[in-house]
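Visitor: Below: one structure in structure tokens.
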Amino acid sequence: MKVPMLDLSEQYQSLKSEILTVLDEVMSSSRFILGDHVKKLENDIALYSNVKHGIGCGNGSDAIHIALQAAGVGPGDEVITTAFTFFATGGAIVRAGAKPVFVDIDPVTFNIDPAKIEEAVTEKTKAILPVHLYGQMADMDPIVEIAKKHGLAIIEDAAQAIGAKYKGKSVGELGTAATYSFFPTKNLGAYGDGGMIVTNDDEIAEKCRVIRVHGSKPKYYHHVLGYNSRLDEMQAAILNVKFPHLDEWSKLRRERAATYTHLLKEMVGDMVVTPVEAEDRYHVFHQYTIRVPKRDELQAFLNENGVATMVYYPLPLHLQPVFKDLGYKEGDLKEAEKAAKEAVSLPMFPELKVEQQEYVVSKIAEFYKK
Ligand SMILES: Cc1ncc(COP(=O)(O)O)c(C=O)c1O
């Protein structure tokens, strides 16, 4: 049997005629940039996130960069974030002109450890950038408290967590702004790049709208430095077809996650650590990530047996060569470093079959019996 990490083909087949219809509509209208499809998606996703504004942009990385800039982050500022995330989180901070300050993670949820944030605050700190990794929101209450105390902005990197909840609140409700990615593999994925900023703050929303069009306002007059980073009309049209299915897909992901956890406990036992959904959270399982001993050997064995897996992420940001000038060294953020050695994500998508899951877990069991 072959089990891919992700298979988007079944989803496409089920939506194909609707998608082809809307693409034809866009091409026939000749309105390709910031048209009605982008507006509709912005409104729907703002509503879904329980905030006032959605600002579509080129991708999730730009969404973080633009939100930071709109929140006033720039040269000389520091932004506190997690060391255990995709590169874009740290990259966006540097692109905004600021310095990333990396903090260790809570080993249970893989998210930034709020207890380590305050000691990282300095006079230069301007914002906290929690990442809702794998589809589970970070522990927001203490983050909001620290931000209030020190007058900091909170930009939530929710690239992996559209639909996730914290104490009943959505991504974007608790922070200054939150950012989504519509990269094709994401829970709500386009057929190309795309991203969005959501916020309740009128001023920040307006700044984001200006920054994504070269900082142009009025047209051809530039008071701030902006970029060309707009959500494409065709991608928005596709996303408008997919969006009504998102909650159902999240439900299916959660069911697959529960099946994995059940099978792993039964067939493999304590050898693997299964994901924990914190009591007050709604996890949307962008990834189903376990911790295991002999991770790299397990991954090679599964690969030989037709099971794809991924390591998100093998090197924490504080140890990335491009950030070497920041002066971090191995041992500085122990939990992030440990997670980078132990974490492995199993195939996860709403259409994953239970027989595929049984096969994956049987191969994991076989590896540890050897
Ligand atoms: C945590 C995180 N942040 C940011 C991004 C960047 O999003 P994009 O690929 O749309 O630029 C991604 C996804 O790729 C991500 O997983």
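The values are calculated or read from the model by the stated rules, or taken from the named source; none is laboratory data. As the structure is a computational prediction, the values presented were derived from the model and not from experiment. As a convention, Cβ positions derive from the backbone with ideal geometry for all residues, glycine included, and neighbour counts pool all protein chains shown.
Visitor: Report, by residue number, each residue of segment 117-169 that is among the charged types (D, E, K, R) and either in contact with a helix residue (DSSP H, G or I) (Cβ under 7 Å, 6 or more places away or on another chain) or not assigned by TED's automatic domain parsing to the domain that holds Gly74 (or both).
Guide: Taking segment 117-169 first, the residues among the charged types (D, E, K, R) are 118-119, 123-124, 126, 139, 141, 145, 148-149, 156-157, 165, 167, 169.
Glu118, Asp139, Asp157 - these are the residues of segment 117-169 that are among the charged types (D, E, K, R) and either in contact with a helix residue (DSSP H, G or I) (Cβ under 7 Å, 6 or more places away or on another chain) or not assigned by TED's automatic domain parsing to the domain that holds Gly74 (or both).
Visitor: From the residues in segment 286-307 that are in contact with a helix residue (DSSP H, G or I) (Cβ under 8 Å, 6 or more places away or on another chain) and hydrophobic (A, V, I, L, M, F, W, C), which one is farthest from Ala158 (Cα to Cα)?
Guide: Selected residue: Phe301.
Visitor: Given the criterion of a type in the set (Asp, Glu), surrounded by fewer than 19 Cβ atoms within 10 Å (Cβ to Cβ) and within 29 Å of Ile290 (Cα to Cα), identify the matching residue among Asp157, Asp141, Asp104.
Guide: Values: Asp157 fails: surrounded by fewer than 19 Cβ atoms within 10 Å (Cβ to Cβ); Asp104 fails: surrounded by fewer than 19 Cβ atoms within 10 Å (Cβ to Cβ).
One residue alone meets the criteria, Asp141.
Visitor: While we're here: What number goes with the only condition from (1) in contact (Cβ under 8 Å) with a residue 12 or more places away in the chain; (2) more than 16 Å from the ligand (Cβ to nearest atom); (3) closer than 21 Å to Asn50 by Cα that Glu206 does not pass?
Guide: Condition (1) is where Glu206 drops out.
Visitor: Exactly one condition in (1) outside the structural domain of Val354 (by TED's automatic domain parsing); (2) buried (at least 17 other Cβ atoms within 10 Å of the Cβ) is not met by Val224; state its number.
Guide: Failed condition: (2).
Visitor: Identify, please: which residue in segment 119-151 is in contact (Cβ under 8 Å) with a residue 40 or more places away in the chain and away from the ligand (no atom under 16 Å from the Cβ) and is, among those, farthest from Ala88 (Cα to Cα)?
Guide: The residue in question is Thr122.
Visitor: Does Glu42 satisfy being surrounded by 14 or more Cβ atoms within 10 Å (Cβ to Cβ) and within 30 Å of Ile80 (Cβ to Cβ)?
Guide: On the way: surrounded by 14 or more Cβ atoms within 10 Å (Cβ to Cβ): yes; within 30 Å of Ile80 (Cβ to Cβ): yes.
In short, yes.
Visitor: How many residues does segment 160-186 contain that are within 11 Å of the ligand (Cβ to nearest atom) and crowded, with 21+ Cβ neighbours inside 10 Å?
Guide: We begin by selecting, within segment 160-186, every residue within 11 Å of the ligand (Cβ to nearest atom); these are 160-161, 179-186.
Of the ones still in play, those that are also crowded, with 21+ Cβ neighbours inside 10 Å are 160-161, 179-182.
Within segment 160-186, residues that are within 11 Å of the ligand (Cβ to nearest atom) and crowded, with 21+ Cβ neighbours inside 10 Å number 6.
Visitor: Right, next: Closer than 30 Å to Pro347 by Cβ and touching a Gly at 6+ places or on another chain (Cβ under 7 Å): which single residue out of Ile64, Ile45 fits that description? Break it down stepwise before answering.
Guide: Details: Ile64 fails: touching a Gly at 6+ places or on another chain (Cβ under 7 Å).
Of the residues listed, the single one that is closer than 30 Å to Pro347 by Cβ and touching a Gly at 6+ places or on another chain (Cβ under 7 Å) is Ile45.
Visitor: Report, ordered by the first and then the second residue, all pairs with beta carbons closer than 7 Å, sequence separation of six or more or different chains, a first member in segment 255-268 that is in the same structural domain as Tyr359 (by TED's automatic domain parsing), and a second member that is of a type in the set (D, E, K, R).
Guide: Leu263/Glu358
Visitor: Using the structure shown, decide if Lys149 is more than 23 Å from Gly327 (Cα to Cα) and among the charged types (D, E, K, R). Full working, then the answer.
Guide: Numbers: more than 23 Å from Gly327 (Cα to Cα): yes; among the charged types (D, E, K, R): yes.
Against the criterion (more than 23 Å from Gly327 (Cα to Cα) and among the charged types (D, E, K, R)), Lys149 qualifies.
Visitor: Follow-up. Just to be sure before I move on: is Tyr180 within 23 Å of Leu252 (Cα to Cα) and in contact with a Pro (Cβ under 9 Å, 6 or more places away or on another chain) in the structure I sent?
Guide: no
Per-residue answers, yes or no, for (1) exposed (fewer than 15 other Cβ atoms within 10 Å of the Cβ); (2) part of a helix (DSSP H, G or I):
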position: Arg230; (1), (2): no, no
position: Met234; (1), (2): no, yes
position: Asn240; (1), (2): no, yes
position: Phe243; (1), (2): no, yes
position: Lys251; (1), (2): yes, yes
position: Arg254; (1), (2): no, yes
position: Ala258; (1), (2): yes, yes
position: His262; (1), (2): yes, yes
position: Lys265; (1), (2): yes, yes
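Visitor: Sticking with this one: Go through segment 280-370 and tell me which helices (runs of 4 or more DSSP H), entirely inside it, have 3 or more residues that are over 21 Å from the mean Cα position of the chain (by Cα) and surrounded by 18 or more Cβ atoms within 10 Å (Cβ to Cβ). Steps first, please.
Guide: On the way: elements: 295-304, 334-342, 354-369.
Of the helices (runs of 4 or more DSSP H) lying wholly inside segment 280-370, those with at least 3 residues that are over 21 Å from the mean Cα position of the chain (by Cα) and surrounded by 18 or more Cβ atoms within 10 Å (Cβ to Cβ) span 295-304, 354-369.
Visitor: Also, quick follow-up: Only one residue in Gly215, Gly269, Gly192 is on the phi > 0 side of the Ramachandran plot, modelled with pLDDT under 95 and over 14 Å from the mean Cα position of the chain (by Cα). Which one? Talk me through it step by step, then tell me what you get.
Guide: Numbers: Gly215 fails: modelled with pLDDT under 95; Gly192 fails: modelled with pLDDT under 95.
Exactly one residue qualifies, and that residue is Gly269.
Visitor: Still on this model: Is it fair to say Leu315 is more than 15 Å from Tyr260 (Cβ to Cβ), in contact (Cβ under 8 Å) with a residue 12 or more places away in the chain and of a type in the set (A, V, I, L, M, F, W, C)?
Guide: Values: more than 15 Å from Tyr260 (Cβ to Cβ): yes; in contact (Cβ under 8 Å) with a residue 12 or more places away in the chain: yes; of a type in the set (A, V, I, L, M, F, W, C): yes.
So Leu315 passes the test.
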